[in-house]
1. On the basis of being free of Cβ contacts under 8 Å to residues at least 40 places away in the same chain and either in contact with a His (Cβ under 8 Å, 6 or more places away or on another chain) or not β-branched (Val, Ile, Thr) (or both), does residue 8 make the cut?
2. What is the one condition in (1) open to solvent by less than 50 Å² (accessible area, probe 1.4 Å); (2) away from the ligand (no atom under 16 Å from the Cβ); (3) part of a loop (DSSP other than H, G, I, E, B) that residue 81 does not satisfy?
3. Can you confirm whether the stretch 197-207 contains a residue that is buried (at least 24 other Cβ atoms within 10 Å of the Cβ) and either outside the structural domain of residue 130 (by TED's automatic domain parsing) or not in a loop (DSSP other than H, G, I, E, B) (or both)?
4. Check the stretch 125-136 and report whether any residue there is open to solvent by 30 Å² or more (accessible area, probe 1.4 Å), in contact (Cβ under 8 Å) with a residue 12 or more places away in the chain and assigned to a loop (DSSP other than H, G, I, E, B).
5. Would you confirm whether or not the stretch 224-240 contains a residue that is over 15 Å from residue 359 (Cβ atoms), open to solvent by 50 Å² or more (accessible area, probe 1.4 Å) and among the acidic types (Asp, Glu)?
6. Please tell me if residue 117 is in the same structural domain as residue 193 (by TED's automatic domain parsing), open to solvent by 10 Å² or more (accessible area, probe 1.4 Å) and touching a Cys at 6+ places or on another chain (Cβ under 9 Å).
7. In the stretch 264-275, is there at least one residue being in contact with a His (Cβ under 6 Å, 6 or more places away or on another chain) and either closer than 28 Å to residue 155 by Cα or surrounded by fewer than 13 Cβ atoms within 10 Å (Cβ to Cβ) (or both)?
8. Just checking, how many residues over the stretch 217-243 are in contact with a helix residue (DSSP H, G or I) (Cβ under 6 Å, 6 or more places away or on another chain) and closer than 30 Å to residue 13 by Cβ?
Amino acid sequence: MKRRIIQYRPSVGAEEYKSVGGCFEANWLTEGPKSDAFLEGLRDLMKVKHACFAPNGTLALYLALRAAKIGPGDEVIVPDFTFFGSASAVEMTGAVPVFCDIDRDTLQTTASHIERSITPKSRAIMPVHIYGAVGEMDAIADLARSRSLVIVEDAAQAVGVHFRDRHAGTFGELGCFSFFADKTITTGEGGLVVTNDDALYKSLRFLRNLGRVDRGSFVHPEMGYNFRITDMQAAIGLVQLSRLAEIAGKKQKILHHYRSRLGDVPQVRIIDPPVGSTHIPFRAAIYAERAADLTEFLGAENVETRSFFYPLHLQPAFAYLSDSRPMPSDAFANAVYAYENGICLPLYPGMPEDDVDYVCDKIGEFYGR
Ligand SMILES: *Cc1c(COP(=O)(O)O)cnc(C)c1O
């Protein structure tokens, strides 16, 4: 039987299972002691004053944008190269996502790419930290300050990742994270918003808890919705957080193995993080010559690959944006280049080293060495 190299497998086991059991023993299922402890751990990790949960990363972004009073008539600048949810969260507020290009080498957006997309309607910037590295947030924060723009960071893939000793998601007003099954630490589904701003935190609390602060009251001073999670999810997250260094170390080790095995294959290049950023690899993201053919070849050899993100300006769901505002065809040249030349190779915490060897052997075979 041919072996199968899967793209990703979350690292959850006996400890997480036992922790969920604790919720049954304590008979506490909604946000409670486990949620409080998980939040405290996350605030410590990120050195941030306030944090609250959301049901997932997309809704964390929506919640953050709403807390910043982004809505109809506003524009939010979003990198063209990101997960669809970054931009659909903007659309959900009634604001318009305006795309910007990225740096070809790091896949991150930069201040100069963002600046080209600023218009009089721009209210916020959403830097997205791609594939477990952080973009140049010092320059982006300077730009935001000088143009009076709010920063809502999409740090969904960047729990535990730092830029110049500062945790992802803490450079601007609001930072958002995801705990989806394939993110660095997971609760199955789950999201987080962090802020150092007391007023924004107050808005987040009202918005996420049906316009009130306390649970038991039926008086709702403000408009709000239900963005709560369960203590079972927090129970998993709490254990995952305690294992963050282990998970990060395992992922880094696998990327290192790919690097040493692919070092003498000139047709492929592993994407490096920007200078100043740490890296907890989301997958093994590479540029490869004849990427589409390699993808097909690896698929036939039972290696599950993923494409890079499909550029947002080409998404059928966002066609209405380019109809109303045509852009020059090279406006997103790097995002298009990345999509056409990039491949995500399998990488997950428990990935066997000989699976990495197998993938690298097949890549060597493809290029005919
Ligand atoms: C996963 C992800 C999201 C959305 O998070 P969900 O929890 O899946 O809703 C948003 N942006 C990026 C960059 C992501 O990787």
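1. Working: free of Cβ contacts under 8 Å to residues at least 40 places away in the same chain: no; either in contact with a His (Cβ under 8 Å, 6 or more places away or on another chain) or not β-branched (Val, Ile, Thr) (or both): yes.
Against the criterion (free of Cβ contacts under 8 Å to residues at least 40 places away in the same chain and either in contact with a His (Cβ under 8 Å, 6 or more places away or on another chain) or not β-branched (Val, Ile, Thr) (or both)), residue 8 does not qualify.
2. Status for residue 81: all satisfied but (2).
3. Of all residues in the stretch 197-207, those buried (at least 24 other Cβ atoms within 10 Å of the Cβ) come to 204.
Applying the additional criterion that residues be either outside the structural domain of residue 130 (by TED's automatic domain parsing) or not in a loop (DSSP other than H, G, I, E, B) (or both) yields 204.
Yes, the stretch 197-207 contains at least one residue that is buried (at least 24 other Cβ atoms within 10 Å of the Cβ) and either outside the structural domain of residue 130 (by TED's automatic domain parsing) or not in a loop (DSSP other than H, G, I, E, B) (or both).
4. Taking the stretch 125-136 and keeping what is open to solvent by 30 Å² or more (accessible area, probe 1.4 Å), we get 136.
Now narrow it down to the ones that are in contact (Cβ under 8 Å) with a residue 12 or more places away in the chain: 136.
Now narrow it down to the ones that are assigned to a loop (DSSP other than H, G, I, E, B): 136.
Within the stretch 125-136 (the criterion being open to solvent by 30 Å² or more (accessible area, probe 1.4 Å), in contact (Cβ under 8 Å) with a residue 12 or more places away in the chain and assigned to a loop (DSSP other than H, G, I, E, B)), the answer is yes, since at least one residue qualifies.
5. There is no residue in the stretch 224-240 that is over 15 Å from residue 359 (Cβ atoms), open to solvent by 50 Å² or more (accessible area, probe 1.4 Å) and among the acidic types (Asp, Glu).
6. Working: in the same structural domain as residue 193 (by TED's automatic domain parsing): yes; open to solvent by 10 Å² or more (accessible area, probe 1.4 Å): yes; touching a Cys at 6+ places or on another chain (Cβ under 9 Å): yes.
The answer is yes for residue 117.
7. Scanning the stretch 264-275, I find at least one residue that is in contact with a His (Cβ under 6 Å, 6 or more places away or on another chain) and either closer than 28 Å to residue 155 by Cα or surrounded by fewer than 13 Cβ atoms within 10 Å (Cβ to Cβ) (or both), so the answer is yes.
8. At the first step, the residues of the stretch 217-243 found to be in contact with a helix residue (DSSP H, G or I) (Cβ under 6 Å, 6 or more places away or on another chain) are 222, 224, 227, 231-232, 234-239, 241.
From the residues that got through so far, the ones that are closer than 30 Å to residue 13 by Cβ too are 227, 231-232, 234-239, 241.
Within the stretch 217-243, residues that are in contact with a helix residue (DSSP H, G or I) (Cβ under 6 Å, 6 or more places away or on another chain) and closer than 30 Å to residue 13 by Cβ number 10.
The values are calculated or read from the model by the stated rules, or taken from the named source; none is laboratory data. None of these values were measured; they are calculated from a predicted model. Don't worry about glycine lacking a Cβ; one is built from the backbone with ideal geometry, like all the others, and counts go over all protein chains shown. Note: accessible area is taken over every heavy atom of the protein model, side chains too, but ligands, DNA and RNA are not part of it. Shrake-Rupley method; radii C 1.70, N 1.55, O 1.52, S 1.80 Å.
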